[in-house]
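Below: the structure, in C-alpha cells.
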Amino acid sequence: MKGEGIGFGKAILFNEHFVVYGIPAIVSAIGKYTVAKASSFEVPELKLNDNRDATPGYKEDKLEQQKTSINNIIKRMNIDFSGEGVEVELGGNLYAASGIGASAASCVAMARALSDYYALDLSDDEINDIAYEGEKGYHGTPSGVDNTASTFGGLIWFEKAETNIIEKISLPNPVEIVMGNTGKIADTTAAVAGVRERKEKNSDKYKKIFNRAENIAYLAKRALQEGDYREVGKLMNENHKLLQQIEVSSKELDFLVSVARNYGAFGAKLTGGGLGGNMIALTPGKELQEEVANAIEKEGFQALKTVIGVSRSGDSQ
Ligand code: MEV
C-alpha cells in the first residue's frame with residue numbers, strides 16, 4: 001500500500017498578524033510544494049523521514065513542534081496503529097524555512113498522503129481541517145490562513161470568523177514574485193504573543209494601525225482584481241510599515257525589503273510571522289524578477305523566484 005499528497009508553500013501578501021484578530025488577509029499559494037509519501041512500516045507508529053531541503057537548523061529547531069503536530073494529525077484522523085504502522089517521507093521543492101508556509105505545507109501534504117494511504121477519500125475541506133489541527137503544533141492558535149492557502153492553492157481572501165470566510169481572488173495574469181530568506185529561523189508563537197501583549201498595552205495606537213490594515217485589505221483586493229500591480233506594490237509597502245509598527249519586522253527583513261525596492265520591485269514587505277524568515281517582493285515580469293533576485297543573492301541571501309496564484313492543477317489564476 002502507498003499514499004501520496006502535496007501541500008503548497010504560501011506567501012501572505014497582506015495582513016499577517018492582523019488576521020489573527022479577524023482582519024482580512026490576502027494570501028497566495030506559491031509554485032513550490034511539499035510532497036508526502038506514505039508506505040507501510042512494521043512497527044505500529046508513524047515514522048517520519050524528513051528529506052526536505054531546509055534553512056540550516058530549521059528542522060532541528062522545529063522537531064518538538066513537529067512531533068506535536070503529527071500527533072494532532074493522527075488524532076484528528078482517528079488513525080489506529082494497532083495493526084501495522086506507516087512511514088511518511090517528506091520531500092518536494094519547497095524549502096523548509098520560516099515565513100514560506102513550510103509547516104502548513106507539510107501538514108497538508110501529510111494529511112493528503114495518509115488519506116490516500118488509508119483510502120479515506122477526504123475532501124479538501126476535511127484536509128484543511130486536519131492540517132489546521134497539525135498547525136496548532138507549530139503555533140498554538142493559528143488563524144488558519146496558512147493551511148487554507150496550502151490546501152486550496154490560488155490567491156485567497158481569508159477572514160477568520162466562526163466559519164472562516166474564504167474567497168478566491170482571480171488575477172487577470174499570473175504575476176512573478178521574489179521571496180528573500182533572512183536565514184533566521186523565527187518562532188511564530190512568540191511573534192504572535194508579542195503582538196498580543198503590546199496591543200493590550202497600547203490599545204489606542206494599535207486600534208489605528210489595525211483599522212488601516214483593514215482598509216488596505218479592501219484596496220488591495222480591488223487592485224489585484226484590476227491587475228493594477230503598481231497600486232498593489234504601494235499597498236504592500238504600506239502594509240510593511242504597519243508590520244514594523246507592531247514590531248514584527250527585523251533588521252534583516254528591513255534590509256532585504258529595501259534592496260528589493262531599490263532594484264525596482266513594485267512593493268516589498270515581510271511575509272509570515274516575521275522576526276526573521278522571509279520577505280516578499282512583487283516583481284511583475286521575468287526580467288524584473290531576475291534583477292531583484294540577483295540583487296538579494298549578491299547581498300548573500302537566498303532568493304526564491306516563483307509566482308502567486310497557483311492552483312492545484314498547477315495553473316496560475
Ligand atoms: C503566520 O504565517 C501568519 C500569522 O498571521 C499567524 C497566523 O495567522 O496564524 C503570523
Practice prompt. Identify, from the list 179, 77, the residue that is of a type outside the set (Val, Ile, Thr) and either within 16 Å of the chain's Cα centre (by Cα) or within 13 Å of the ligand (Cβ to nearest atom) (or both).
Written response: 179
Response to the item:
By residue number, the members of the range 97-125 that are out of contact with any strand residue (DSSP E or B) (no Cβ under 8 Å at 6 or more places or on another chain) and more than 16 Å from the ligand (Cβ to nearest atom) are 119, 120, 121, 122, 123, 124, 125
Worksheet item: Can you pull out the residues in the range 223-272 that are within 16 Å of the ligand (Cβ to nearest atom) and either among the charged types (D, E, K, R) or without any contact (Cβ under 8 Å) to a residue 24 or more places away in the chain (or both)?
Response: 244, 247, 269
Fill in: Where a residue in the range 152-165 is under 17 Å from residue 225 (Cβ atoms) and assigned to a strand (DSSP E or B) and its partner, wherever it lies, is modelled with pLDDT of 95 or more and hydroxyl-bearing (Ser, Thr, Tyr), with Cβ under 8 Å and at least six apart
155/28; 156/28; 156/148; 158/143; 158/148
Item to complete: Would you mind stating whether residue 231 is at pLDDT below 95, surrounded by fewer than 19 Cβ atoms within 10 Å (Cβ to Cβ) and among the charged types (D, E, K, R)?
Response: no
Discussion item. Condition check: under 20 Å from residue 250 (Cβ atoms), modelled with pLDDT of 95 or more and either away from the ligand (no atom under 13 Å from the Cβ) or surrounded by 18 or more Cβ atoms within 10 Å (Cβ to Cβ) (or both). Does residue 145 satisfy that?
Written reply: no
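The values are calculated or read from the model by the stated rules, or taken from the named source; none is laboratory data. Please read these numbers as outputs of a predicted model, since none were measured by experiment. Note that we place each Cβ from the backbone using ideal geometry, even for glycine, and neighbour counts take in every protein chain shown.
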